[in-house]
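Scroll down for the structure; my scribbles are underneath it.
The values are calculated or read from the model by the stated rules, or taken from the named source; none is laboratory data. In this text, all values refer to a predicted model and were calculated from it rather than measured experimentally. All Cβ positions, glycine included, derive from the backbone under ideal geometry; neighbour counts span all protein chains shown.
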């Protein structure tokens, strides 16, 4: 049985909120969980057009633009990379390709936390997986806009960001598009999503 969860980043017609479904794929009956972001029936404004994936890192809630996330999956075995920065767990084989795995808790918060999901960002050949805790859902970025949220890298150790930037500047730019979400803001998002 496959351990991958795929995020489909296209907009489907309809007025349903983002949903998670399970489907059978392939002759072997491999199970793949799919999350689809559905378009609103009206034309969204620029602030509403972006959705974010909210997930746990250490004991905090974080968000990245859904457009930056290719897929989520259960953590895969990781082979250490000699001489790598401590926030780089090593390399995992993702879809047949060696892919660096970065522990977001170590990078951003200089902390440790449970790793229950890998988020694959960017398409091959330059994919990277981010080791995070649970994924909590897909939400409209506009729901976060009334609150000024701290940038995801605001608390990161500068030397860690600099070291990562020397290796992969695009990943640092991608992470700069993320934010941390205070628990009260996440609770209101979750309550709003449940009441729809």
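For this structure, a couple of remarks:
- Only one entry of 115, 121, 129 meets the criterion of being in contact with a helix residue (DSSP H, G or I) (Cβ under 6 Å, 6 or more places away or on another chain) and either within 19 Å of residue 170 (Cβ to Cβ) or at pLDDT 90 or above (or both), and that entry is 121.
- When 142, 195 are checked against the criterion of being more than 17 Å from the chain's Cα centre (by Cα) and farther than 21 Å from residue 68 by Cα, 195 stands alone in meeting it.
- Strands (runs of 3 or more DSSP E) fully within the stretch 94-172 that include at least 3 residues being touching a residue at least 60 places away in the same chain (Cβ under 8 Å): 135-140.
- Residue, modelled with the lowest pLDDT, within the stretch 173-192, restricted to residues that are surrounded by 17 or more Cβ atoms within 10 Å (Cβ to Cβ) and part of a helix (DSSP H, G or I): 189
Residues are listed down the side, and each one gets a yes or a no for (1) in contact with a strand residue (DSSP E or B) (Cβ under 8 Å, 6 or more places away or on another chain); (2) more than 20 Å from residue 177 (Cα to Cα); (3) surrounded by fewer than 20 Cβ atoms within 10 Å (Cβ to Cβ):
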site	(1), (2), (3)
69	yes, no, no
84	yes, yes, yes
96	no, yes, yes
99	yes, yes, no
105	yes, no, no
